[in-house]
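Accompanying notes for the structure given below.
The values are calculated or read from the model by the stated rules, or taken from the named source; none is laboratory data. All values derive from a computational prediction rather than experimental measurement. Cβ coordinates were reconstructed from backbone atoms using ideal geometry, including for glycine residues, and neighbour counts include every protein chain displayed.
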C-alpha cells in the first residue's frame, strides 16, 4: 500500500489529466457504437480502474478505443438486427458477448499467451488500423451532416413493403410456435394482422432503413440523400469542433484540444440557444449491474458470436500490449504481458456487467498520463474515479452536448488512427511476388487485402484471412530459401563442405550428397520430393547430411518416407549423417528407422560415413 502511494502527486495529476482526455472520447465512442454515450462512459470508468488495479503495466490508461469500438459496432448492429431493431431487447446478448470477450482475455493471460501476441504480422495490423480509420470517418460523415436515415421519411417508406412482409412472417412463426397455425384457415392470422398499427410498421421500416445505411457500404449508399438533406447547423458544429482540435494544438499541448473543442463548441451551442441535436440522455446516478446477462442467458444466443468474441479479445490484447511497449519505452520499465491481459480481461468483464463498452490500453491517454507525472497503477485508478465523478455530478449537463460535436471528434480520431507509416512505405517495399508480367510486394498485398475486406466486408473475417495469407506467403519464402540452399548435385558440380574435400574421386558418380539446411516442413516438401528424380542411374548411394535439419513436421516426415521408398525402388542406398533428436524421433515413430534406413546406415560423423562407403560401394564407372 505504501508503494502504491509513493508517487501520489504525480499519479494524481497524471490520472486527472488522462481522465479529462478520456471523457470526450468515451462519450464519442459510446454514441458511435450504437449503445449511447453512457455505454462509452461506463466502459471508461470500469476498465480504467480495474485494468490499472490488476494489470501489468503501471502507467497504462485503459478504456474504449477506436479499434475496439469499431468491432463492437459490428457486433452490436448484428445482434440488434436479429432482435427486431430493439436495443433493449438485444442488450443482454450484446453484453454477454462483451463479457465472454473479457473472460477470454483473462484465459489468454492465465495460459501465458501474452508474449505470443507480438508475432502477428505488421501488414495485418497496419491494414486493420487504416481500415478502422476509414470506417470511423465514413460512418461519422452522416451525423456530421445532420443526416439520420431512420428519420428520413421518404427513405424509410421504401422499406414499408419489406417491413409488412417481415411482420407477417413473424406472426406466422408465432402461430407455428404456439401450435395454432392452420393453413386451411388463416382467421387467427388475419385477426393478429388487424392489430398491427401504422406505428409498428413505421418502426420496423425505420429499423430496416437503419440496417441498410449501416457500415461503410451503407453510408455510401445513402450519401447522396445526406448531401441533399444537409443540416448546415450540424455541419457548422462539426467543422468548428475539428478546427479547434487541430488549431488549438498549435497554441499549446498542455491542455487537451479535444476537451477544449468539446467545451467551447457545446458551450456556444447551449449559450446561443441553437436548435441542435443533443446526444442521448445519460442516466443519472451510479451505474446499475445488468443482471439480465445471467437471468436471460441463452447459449444459442451467443453461439454465433463466439469467434467474434475471441477476435474482440485478441484485438484488445494486441491494442493493450502495443501500448504497454510504448509505456516501457517512455518509462524505461518492463511490463508483464500475461498479467496485463488478466487485468484487461477483468476490466472488460466488469464493464460488461454494468453495460459498458469493451476497451483496451489507450496509447494517447497513457502518454498523457506519463507526461503529466503518472508512475504507478494509482494513476489509472484515479482516471476511472474522475470519470465516475463526472457521471454522478455532471450527467445532465453532459447530456446537452451536440451530437455533431462528437461526430467531429470521431472524425479526427479516425484520421489519427490510420497507419500512415505503413501507407508511406508501400512504394519502397520489395516486390517479391511475380504475377505474370507484374511484380508485387507480398506485404503490400496482405495490408491491402485486410484494408479492403475490413472496410467493405467484415473486420473479423478480414483479420483471419490476412493472417492466413501472411502465413502462407511467409512459408513460401522460407520454403524457397531452404530449397535454394539445399540442391542435390553431383560432387563435381556442388560446392563441397570443408570435410568433403577428401571424398574418394573414383566414387563421385556412384555416391551423391544431399545437404538439408533448415527445417523440413510443409513449405519445403515439394522441392525435397524431387530428390529421387535428381539422382542419375549411376548412383548406388545417397548421403543425407541432416545436422542442420533441426525440425521435421508431419508433412516433412511423409515426404521423407516417399523419397526413401523411391530410392529403395531404384536400389539406391540412403545413408544418414548426424541426424538430430526430433527428426530421428519422428522417423522412428513410423518405422522409417529401421525399415527404410537401418541403424547401420546412420552415422554420427561424415568421416565414419565415408569409411563405410569406401568399404561397401564399388567403383562401377
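Taking the stated definitions as given, is residue 46 over 26 Å from residue 404 (Cβ atoms), assigned by TED's automatic domain parsing to the domain that holds residue 376 and either surrounded by 24 or more Cβ atoms within 10 Å (Cβ to Cβ) or within 23 Å of the chain's Cα centre (by Cα) (or both)? In short, yes.
Test residue 345 against the criterion of being in the same structural domain as residue 65 (by TED's automatic domain parsing) and closer than 23 Å to residue 36 by Cα, and give yes or no. Yes.
Those helices (runs of 4 or more DSSP H) of the stretch 292-379 in which 1 or more residues are touching a residue at least 40 places away in the same chain (Cβ under 8 Å) and surrounded by 24 or more Cβ atoms within 10 Å (Cβ to Cβ) occupy 306-331, 337-353, 363-371. Among the residues making up the stretch 144-171, those that are over 26 Å from residue 231 (Cβ atoms) and loosely packed, with under 15 Cβ neighbours inside 10 Å are 161, 162, 165, 168, 169, 170. Contact map, the stretch 592-617: first residue in contact (Cβ under 8 Å) with a residue 24 or more places away in the chain, second residue surrounded by fewer than 18 Cβ atoms within 10 Å (Cβ to Cβ) and in a helix (DSSP H, G or I), Cβ cut-off under 6 Å, separation 6 or more or different chains; pairs are 592/561; 606/499.
Is it the case that the stretch 134-143 has a residue that's in contact (Cβ under 8 Å) with a residue 60 or more places away in the chain, surrounded by 21 or more Cβ atoms within 10 Å (Cβ to Cβ), outside the structural domain of residue 318 (by TED's automatic domain parsing) and more than 30 Å from residue 425 (Cβ to Cβ)? Yes, some residue in the stretch 134-143 is in contact (Cβ under 8 Å) with a residue 60 or more places away in the chain, surrounded by 21 or more Cβ atoms within 10 Å (Cβ to Cβ), outside the structural domain of residue 318 (by TED's automatic domain parsing) and more than 30 Å from residue 425 (Cβ to Cβ). Checking the stretch 421-442 against the condition returns no match, with no residue being under 25 Å from the mean Cα position of the chain (by Cα) and surrounded by 22 or more Cβ atoms within 10 Å (Cβ to Cβ). Within the option set 425, 404, 416, being free of Cβ contacts under 8 Å to residues at least 60 places away in the same chain and on the phi < 0 side of the Ramachandran plot holds for one residue only, 425.
Counting only helices (runs of 4 or more DSSP H) wholly contained in the stretch 136-217, the ones carrying 3 or more residues that are at pLDDT below 80 occupy 160-178, 187-194, 198-212.
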